[in-house]
Amino acid sequence: MLGSLVNGIILGSIITLGAIGVTLVADILNFFNFAHGAIFTLGAYFTYLYLNLLPETGTMFSLSFGPGMILAIGLSMISTSVVVVVFDKIIFRTLRRRNASSLFLGLTSLGLVFVMKAGISMIWGPQVHYYGPIQSAINFPLGIKVKPDEFFIVAASLILVLVSYLFLKYTRLGKAMRATSDNVTLARASGVETEKIVTWTWVMSASLAAMGGSLYGIEVQLRPTMGWSFLIPMFVAVIVGGVGSFGGALLGGMIIGISEELVTSLLQDMFLSLNMNVIMSAYKPAIAFVMVIIILLVRPHGIFGKKGA
C-alpha cells in the first residue's frame, strides 16, 4: 500500500508538470492543446539528443546520471520552447487573427500531434531508447522500494512547480499573464502586449512539458507514443483541479497519480486473491476518468474551478 502511494507521488509529480502547461494554455489562449503530449515526448527526445552530444560526465551521488543530464534537460527545455513558438507563429497566430474558434484551435492541435509523432519517429526511429542503465531500487521499511533517480524526479518537479508559481505570482511578466487570463481586452487596454504574453505562455508550457518528459524518460524507456499515454492523465488533472487554476493543476496531478497507483494495486491484489489473471495497469486511464466523474459530481467546476469558467 505504502509502496503504491510512493509510486503515485512520483507519477503525480510528473503529471503535475504537464497539467500546469495544459491549464496555462487553456486559460490564456482559451483552448485545450492536444499536442501537449507530443511536446512532452519531444522534450524527452531532445534530452536524449543532447545527452549523446555532450561529453560524458559520469554519475553524481547515487543517481544513474551526472551533471550532463541537468545540462541536457536545460537545453531540451530551450529547444522545445523554440519549436513550439515557431508552430505558434506559423499556425496558431494565423488562426487567432482569423478569429478561429476554440474548437478549431483544439482540432488543429490534435492534427499537430500526428505531425510531431511522425517527425520524432523519422528522426529517432520507432524503437525504444534509454538515457542510461536501468537502476535498481533501494528497499525501505514497510515494503517501500524507491530508486535514487526517483528522489531526483520528485525534487526537480517540486522545485520547478515552486519556481513557476513564484514567477506567475511576483514577476511583472507573470502578473501580465494573469491579467491576460482574467480579461484579455482589459489587459490590452492597460498596455499589455498580448502577443508577447501568448509567446511566453507557450515557452512556459513547453518548458514544463519538456521537463516532465525528460523526468519520465529517466523513469522509463523513450518511445514516440510516450506522451500520448500521458495526455489523458494531464487533461484529467486539469479538469479535476479546475481549468485555469495553478493550485488545481498541482492538486489534480497528485490526485490522479496517487489514485491510479493505489486503485490499480488494490484491485490487482484482489484479483490475484481470486486467482484471476487480470493486468490492472492497463486500466489506469479508466481509473482517471472515474475520479473525474466522482469529483465533478461534487464540484462541477473542479476543486478550485470558478463557477462559469
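A few comments on the model shown:
- The residues of the stretch 114-170 that are among the polar types (S, T, N, Q) and at pLDDT 90 or above, listed by number, are SER121, GLN127, SER157, SER164.
- Checking the stated criteria, ALA189 turns out to be more than 20 Å from the chain's Cα centre (by Cα) and of a type in the set (Gly, Ala, Ser).
- Checking the stated criteria, MET270 turns out not to satisfy the condition of being touching a residue at least 24 places away in the same chain (Cβ under 8 Å), in a helix (DSSP H, G or I) and more than 18 Å from ILE293 (Cβ to Cβ).
- Residue tally, condition over 13 Å from ILE15 (Cα atoms) and surrounded by 22 or more Cβ atoms within 10 Å (Cβ to Cβ), over the stretch 223-238: 1
- Hey, ILE78 over 23 Å from SER245 (Cβ atoms), at pLDDT 95 or above and crowded, with 17+ Cβ neighbours inside 10 Å or not: no
- The set of residues in the stretch 211-254 being hydroxyl-bearing (Ser, Thr, Tyr) and closer than 22 Å to ILE123 by Cβ consists of SER214, TYR216, THR225, SER229.
- Cβ pairs under 8 Å, 6+ apart, first in the stretch 190-205 and on the phi > 0 side of the Ramachandran plot, second among the polar types (S, T, N, Q) and modelled with pLDDT of 95 or more: none
- Complete set of residues in the stretch 140-156 that are within 13 Å of LEU5 (Cα to Cα) and in a strand (DSSP E or B): ILE144, LYS145, VAL146
- The set of residues in the stretch 135-185 that are farther than 19 Å from VAL220 by Cβ, hydroxyl-bearing (Ser, Thr, Tyr) and surrounded by fewer than 14 Cβ atoms within 10 Å (Cβ to Cβ) comprises TYR170, THR171, THR185.
- Residue satisfying condition, being under 18 Å from the mean Cα position of the chain (by Cα) and in a helix (DSSP H, G or I), within set VAL86, VAL82, VAL115: VAL82
- The listed residue being out of contact with any Asp or Glu (no Cβ under 8 Å at 6 or more places or on another chain), surrounded by fewer than 24 Cβ atoms within 10 Å (Cβ to Cβ) and part of a helix (DSSP H, G or I), out of LEU49, LEU24, LEU42: LEU49
The values are calculated or read from the model by the stated rules, or taken from the named source; none is laboratory data. A quick note: this is a predicted structure, and the numbers were derived from the prediction, not measured. Here the Cβ is made from the backbone with ideal geometry for all residues, glycine too, and neighbour counts use every protein chain on show.
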